[in-house]
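Here's the structure we're looking at; comments come further down.
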């Protein structure tokens, strides 16, 4: 090659190579220092976009997991309150059973009543439990429901029992006669708005089941009849007897919590005052199948447990106050155990309250269990997406260190060669000597 001064092509070519090596080393340093092979969209435009979308998903999954954990904590607080209420109701039933025993004096029953009143007050305190300032089981988080009426069903009477069947003709489920006579006395007790009502009448020859119940309750309870379809719940779903067979059904005359009936008791005694146990076993078997509720809009708790809109769990928490459980009236009156008859009615009222509380506890428990599965699923999903994102974005450090070493050596070689190329132009000066 000719010796020139103006354009030192060897130096220019070497400088270009040096710049390339410098850029390559710069990228290698960036990858090694960050641990990622894609640090900007310029490195891999499509890979960068896919990776960023995955990162959005990972962060959303992690937040959804946190939401599920927080939701589980909320449910534990609610469950604790309801569990306490269940324990109180167990004790109250124990006390009511004790009060129903005539070994107790009126003074004894008055003492039991004081304990009962305090315990019912504690039930109201339990219903006011809060989580992050939100009341949980005071009825403020009901699901949407229409007004419902207390409905009770008896599956111990014969399937062909009709509302106009005479009491003396009643038979048990197995077809055996209940041995009720026209000289016997029928007594009905029930609790409404916190007050216990008790009435009795001689049966006579033409006293029907419907006539006895509606007369003795002053039409506060109506006999719906013998059906397989009990009615509809607050969501408009049809409710059937658990056995699927026809059963005698009664309901309160008015709907909502203020009209609910609890503690319905019906029993027979003969003209000597003896209890007809076989008859009472069948007659005192009206179980609540539809709970009385007030009309409510959808105020259920929404737990966002997914990365997409509306991927959520709706939790409806019912009213656990004593009024809603049928233990207290709107004026503050509580169920009474002041007499043997009232204590008997209180036993049945407490059975119904326990069933309501256990139903709520079961609902909360099922949500807690579901949230645990949700957390496990979200954790696994986040792990898998993170793994996929790592394949796209993370650098193979062994490979990148090899590239870094190579680029570093090439940079040093280019620097050395550029120095040599710049020296070649000075050789021309020797021609001028």
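For segment 274-310, the tally of residues that are in contact with a helix residue (DSSP H, G or I) (Cβ under 8 Å, 6 or more places away or on another chain) and farther than 30 Å from residue 174 by Cβ stands at 9. Out of 324, 309, I need the residue that is modelled with pLDDT of 90 or more, within 24 Å of the chain's Cα centre (by Cα) and within 30 Å of residue 62 (Cα to Cα). Which one? Exactly one residue qualifies, and that residue is 309. Of all residues in segment 179-224, exactly one satisfies the criterion of being closer than 14 Å to residue 250 by Cβ, touching a helix residue (DSSP H, G or I) at 6+ places or on another chain (Cβ under 9 Å) and part of a loop (DSSP other than H, G, I, E, B), namely 220. Is it true that residue 330 is surrounded by fewer than 22 Cβ atoms within 10 Å (Cβ to Cβ), in contact with a helix residue (DSSP H, G or I) (Cβ under 7 Å, 6 or more places away or on another chain), modelled with pLDDT under 90 and not in a strand (DSSP E or B)? Answer is yes for this residue. Scanning segment 186-243 for residues that are at pLDDT below 90, over 14 Å from residue 151 (Cβ atoms) and surrounded by fewer than 17 Cβ atoms within 10 Å (Cβ to Cβ) gives 204, 205, 206, 235, 236, 243.
Checked against (1) buried (at least 17 other Cβ atoms within 10 Å of the Cβ); (2) in contact with a strand residue (DSSP E or B) (Cβ under 6 Å, 6 or more places away or on another chain); (3) free of Cβ contacts under 8 Å to residues at least 60 places away in the same chain, residue 177 meets all criteria but (1). You will find that of 352, 343, the residue that is assigned to a helix (DSSP H, G or I), in contact with a helix residue (DSSP H, G or I) (Cβ under 9 Å, 6 or more places away or on another chain), modelled with pLDDT under 95 and within 22 Å of residue 96 (Cα to Cα) is 343 and no other. Filtering segment 90-139 to residues that are in a loop (DSSP other than H, G, I, E, B) and over 31 Å from the mean Cα position of the chain (by Cα) leaves 100, 101, 102, 103, 104, 105. The single condition among (1) modelled with pLDDT of 90 or more; (2) surrounded by fewer than 18 Cβ atoms within 10 Å (Cβ to Cβ) that residue 153 does not satisfy is (2).
The values are calculated or read from the model by the stated rules, or taken from the named source; none is laboratory data. All figures in this text were calculated on a predicted structure; none of them were measured in a lab. For neighbour counting, all protein chains shown are included, and Cβ atoms are generated from backbone atoms with ideal geometry for every residue, glycine included.
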